[in-house]
Amino acid sequence: MLEVDVKELTWIRIATDGTVALNETMAAGTVRRFSADRSIDIVLGNAGGASIRINGRDMGQLGNRGQVREFKITPENALRIQG
C-alpha cells in the first residue's frame, strides 16, 4: 500500500502495474492511497512538497522543494527503498 500526503502544491504521476492511476497537480492537505500487485511508479514534480509511506513506513525526506524525483516500488524493494 502506498500513501501520498501532500504538504504543498505538487504535480504527481502514479502508475500501478503499468496503468496510470493519477496524473494531476494536488493541493496541500490531500491524501491518496494506492495499491498494486507488481509495481508502483511515482514521479513527483515537487519532491519537497509531499511525503510517502509504503506499507505504513515513512520514506523520509524525498527531496528539495521543486526537485523532480522518480521512484519504482516493487514487492522486492519495498522494504529497502528510501527518499
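The values are calculated or read from the model by the stated rules, or taken from the named source; none is laboratory data. Note that the coordinates shown come from a computational prediction; the quantities given were computed from them, not determined experimentally. Positions of Cβ are generated from backbone atoms using ideal geometry, with glycine treated the same way; all protein chains shown enter the neighbour counts. Surface areas here come from the heavy atoms of the whole protein model, side chains and all, with no ligands, DNA or RNA. Shrake-Rupley method; radii C 1.70, N 1.55, O 1.52, S 1.80 Å.
Residues of the range 68-83 being in contact with a Gly (Cβ under 8 Å, 6 or more places away or on another chain) and closer than 15 Å to GLY56 by Cβ, which ones?
Of everything in the range 68-83, just one residue is in contact with a Gly (Cβ under 8 Å, 6 or more places away or on another chain) and closer than 15 Å to GLY56 by Cβ, namely GLN82.
Residue pairs, Cβ under 8 Å, 6 or more apart or interchain, first in the range 51-71 and within 21 Å of ALA27 (Cβ to Cβ) and of a type outside the set (Asp, Glu), second modelled with pLDDT under 90 and loosely packed, with under 11 Cβ neighbours inside 10 Å. List them.
Taking only residues 6 or more apart or on different chains, not a single pair turns up.
Among the residues of the range 38-57, what is the count of those that are over 11 Å from the mean Cα position of the chain (by Cα) and modelled with pLDDT under 95?
Qualifying residue count, the range 38-57: 3.
Okay, residues lined up against (1) farther than 13 Å from LYS7 by Cβ; (2) open to solvent by 70 Å² or more (accessible area, probe 1.4 Å); (3) in a helix (DSSP H, G or I):
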position: ARG33; (1), (2), (3): yes, yes, no
position: ALA36; (1), (2), (3): yes, no, no
position: VAL43; (1), (2), (3): yes, no, no
position: GLY48; (1), (2), (3): no, no, yes
position: SER51; (1), (2), (3): no, no, no
position: LEU62; (1), (2), (3): no, no, no
position: GLN67; (1), (2), (3): yes, no, no
